[in-house]
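The structure appears below as structure tokens.
The values are calculated or read from the model by the stated rules, or taken from the named source; none is laboratory data. Since the model is a prediction, treat every value here as computed from it, not as a measurement. Cβ placement follows ideal geometry from the backbone for every residue including glycine, while neighbour counts extend to all protein chains displayed.
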């Protein structure tokens with residue numbers, strides 16, 4: 001996990017950044033495993049995925065990661081993972097709805 005490799009100054013924002021990354025990462029992993037083992041309703045899974053992605057996009061501003069050289073890894077990681085999670089959630093939701101439509105037409 002990238003958050004365990006960052007240099008953590010004594011600033012409270014950095015402490016929150018590390019914990020935010022760890023907790024949000026575990027929530028994303030739990031959502032993914034849940035969708036694999038027991039498919040959730042499409043709307044619920046999409047809403048949770050988009051909410052987690054939006055949280056990652058807002059976290060650098062909410063926890064004041066800063067703008068210095070040491071803040072770049074945490075900020076970039078949150079922004080890239082947040083955007084990727086939202087994009088993958090939307091693509092997965094559209095694909096699942098399309099597959100459900102094809103299955104209902106076959107029946």
Among (1) surrounded by fewer than 13 Cβ atoms within 10 Å (Cβ to Cβ); (2) at pLDDT below 85, residue 84 falls short only on (2)
Among the residues of region 46-74, which ones are crowded, with 17+ Cβ neighbours inside 10 Å, assigned to a helix (DSSP H, G or I) and at pLDDT below 85?
71, 74
When you scan region 1-40, how many residues do you find that are exposed (fewer than 13 other Cβ atoms within 10 Å of the Cβ) and at pLDDT below 65?
6
Within region 73-94, can one find any residue that is in contact (Cβ under 8 Å) with a residue 12 or more places away in the chain and more than 18 Å from the chain's Cα centre (by Cα)?
no
